[in-house]
Structures are given as structure tokens and as C-alpha cells.
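FYI, it's all coordinate maths here, none of it is from the lab. As the structure is a computational prediction, the values presented were derived from the model and not from experiment. Methodologically, a virtual Cβ is constructed for each residue, glycine included, from the backbone with ideal geometry; neighbour enumeration extends over all protein chains shown.
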Amino acid sequence: MEPSHRSARAWAETALAGFTGVLFLVTLLWHDWLEAFGIDPDGHDGAVEWLIVTGLFALFVTFAVSARLEWRRQAYAR
């Protein structure tokens, strides 16, 4: 199956995996980005940021696995 004939779902899942992966890395490397926007829900102890890192990683893995399965399903559907 040609790449241009892949479904919108496969492309959307791939894009979401890339987006959440980038957000995960940015949050992992820049822990106090919430404080840069004037938001301090955890009193500078970083707990909220680590929850965000964990959540973004979980979303990244979910979207990446889902995208991989969708790409493979379409390849075998031919």
C-alpha cells in the first residue's frame, strides 16, 4: 500500500505520537515550565511536573503503539 493511501487514522496517530513525544521531552528537560507561566500548584516541589511527564509518556506510548498497529494492519489488508 502506498504511503499516500494510508488512512487518516494512521497519520493522526503518528502525528499525536510525535506531538506527545516532543511535549514529553520538553517537560522532562524543562521542569519548571509551569512556573514560567505564573502557575505554581505544587509550591516548587515539582510533583505536578512529574505527573505531567508521566502522563505525556503514557500518551506517547499509547499513540505510538496504536499507530504502529494501524500501519501494520493496513499493510496486511492489501
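Annotations for the structure displayed:
- Using 0.36 nm per residue and subtracting the Cα-Cα separation, the extra length available between ALA36 and TRP11 on full extension is 5.7 nm.
- Cα-centre dipole for the chain with unit charges at Cβ (Lys and Arg positive, Asp and Glu negative), debye to 20: 920 debye
- With contacts taken as Cα pairs under 8 Å and at least 6 residues apart, the chain reaches a relative contact order of 49 percent.
- Label of the coordinate-derived value, percent of Cα pairs over 17 Å apart, listed as (1) 68; (2) 71; (3) 54: (3)
- Label-point separation, ARG72 to LEU29 (7 Å along Cα→Cβ), nm: 3.1 nm
- Sites LEU51 and PHE19 - FRET efficiency at Förster radius 30 Å, r taken between beta-carbons, to 0.05: 0.95
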